1. If the limit is 26 Å between Cα atoms, which of B:Lys40/B:Lys98; A:Lys43/A:Lys199; B:Lys22/B:Lys169; A:Lys40/A:Lys138; A:Lys58/B:Lys138; A:Lys22/B:Lys169 go over it?
2. Any idea what angle helix B:160-170 forms with the longest principal axis of chain B, computed on alpha-carbon atoms, 0 to 90 degrees, nearest 10?
3. Placing the label point 7 Å from Cα along the Cα-to-Cβ direction, what are the distances from A:Glu36 to the equivalent spots in the other copies, shortest first, in nm to one decimal?
4. How many nanometers, to one decimal and shortest first, lie between the label point of A:Met140 and those of its other copies, if labels sit 7 Å from Cα toward Cβ?
5. According to a simple spin-label model (label point 7 Å from Cα along Cα-to-Cβ), what is the distance in nm between A:Ala139 and A:Gln9?
6. Pop the C-beta distance of B:Leu100 and B:Lys199 into the FRET formula with R0 = 41 Å and round what comes out to the nearest 0.05.
7. Mind listing the label-point distances from B:Lys65 to the same position on all other copies, shortest first, one decimal in nm, points 7 Å along Cα→Cβ?
8. Would you mind getting me the FRET efficiency between B:Arg76 and B:Arg129? Use the beta-carbon distance for r and R0 = 45 Å, nearest 0.05.
Number of protein chains: 2
Amino acid sequence: MVKNPAKSQLMFDALYTYIENKSSMKLSDDERKLVEESFKPKKLRKRQYFLQEGDVCKYMGFVIKGSSRMFSVDQRGNEHVIRLGLENWWIGDYESYKLLTPARFNIEVLEDTELLLVTNEQMQQLMDRIPAVAAMVKAMDERGAIATQQRMHAAISLTAEERYENLAKTYPMFLQRFPQNVIASYLGISAETLSRIRKNAYQK
Amino acid sequence: MVKNPAKSQLMFDALYTYIENKSSMKLSDDERKLVEESFKPKKLRKRQYFLQEGDVCKYMGFVIKGSSRMFSVDQRGNEHVIRLGLENWWIGDYESYKLLTPARFNIEVLEDTELLLVTNEQMQQLMDRIPAVAAMVKAMDERGAIATQQRMHAAISLTAEERYENLAKTYPMFLQRFPQNVIASYLGISAETLSRIRKNAYQK
DNA sequence: ATCTAATCTTGACATTTATCAAGACTACAA
DNA sequence: TTGTAGTCTTGATAAATGTCAAGATTAGAT
């Protein structure tokens, strides 16, 4: 199934490194093998969808390369970006993945993207069998909880301009990698308002 | 130290029930004893602070009885409610608790409140020794991640009126237990705007 | 029961942000 | 290189929400 074993190996190396870093533990060769057997490589071309609203999100994807946005579409047809994804991040609708409910969100990749996919059951097995994976998931959950609390705080407490400055400080790479209309949606403002905020900031 | 053993026992019963429900596991008598030795009962009177900005949040508190709000104060002196707490919820600044950094938030109880306190280290030990506690924490983390994603979505995607209706559906008890100015702050709007939204909704 | 402080409502007005429309700029495919 | 679609900027205007101030209502304390 894997067309290019050499390249695929590089993809897994990125995942091993990630697990070892997040867990502060080493993976044995056997454990690496287990991981490799559980994750499925997947490529998506620019503009393709990783997930469509209404489908069940069967997989979480570990991003080897590429960028993506998770968004909802409201009644008026406006899109709202909930999350952005880059290399070494996970993408997926967590609620749908965990509960196997229809996803509320769409996930579209914005550049050609390489992923490693894993189901919830596979992940549970890996956590049971590999301490480093269990530790990684725990560390991720903690970081995730902290990050969302911070973002919640920003969303409620800050003005649009402050939210932009906050983003520029916290995730400067976002401004490099994502077009402005996507950033605007992530901040919960219109593209025009962001354009004006940037103009103001520049003049200061 | 405990002034009223009989009453204190009732407090722990609430916690045991909570752990058993969340984990879908039973606690043995020995395990209950371990839990009881780790948690410290605490009472706060209306308006007292559980945590003040700048202090380290040494404890997470499991709420037996009472209500609380976690909020930040911005440069202009405006308060922003990040989280609300009721019976059978946990309160605390998770970031400060985990990383032992100064808290960004204040937590004030709005009614006379009874809590059970636990430090991060104690919690880690309990998780290591009691499978039900480990399972409870995992279940809580998952629920928490899902709930925050939903709230994030609401904050970014919905209008003020839609956010209020969403809250009324999701947490109707909030509207019973918290004054409107607190609810308004939780929704990220002014008390006046919430008052007008309610007037509108009533007229429909 | 009365007083006081807190909460809630309402109106007038200010500010922020969205919306719509047009044109400028950019990137990429043919 | 040119054309085309996507992106970004700018202006005019509309809509949503905030701010301030005053009065009404409610809850608690004495």
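1. Pairs exceeding 26 Å: A:Lys43/A:Lys199; A:Lys22/B:Lys169.
2. 30 degrees
3. 5.3
4. Here A:Met140 shows inter-copy label distances of 2.2 nm.
5. It works out to 2.5 nm between the two label points.
6. According to the calculation, E is roughly 0.35.
7. 6.2
8. E between B:Arg76 and B:Arg129, to the nearest 0.05, is 0.40.
The values are calculated or read from the model by the stated rules, or taken from the named source; none is laboratory data. Here the structure is a predicted model, which means the values were calculated and not measured. When we count neighbours, we look across all protein chains shown, and the Cβ atoms used for this are built from the backbone with ideal geometry, even at glycine. Please note that ligands, DNA and RNA were not included when accessible areas were found on the heavy atoms of the full protein model with its side chains. Shrake-Rupley method; radii C 1.70, N 1.55, O 1.52, S 1.80 Å.
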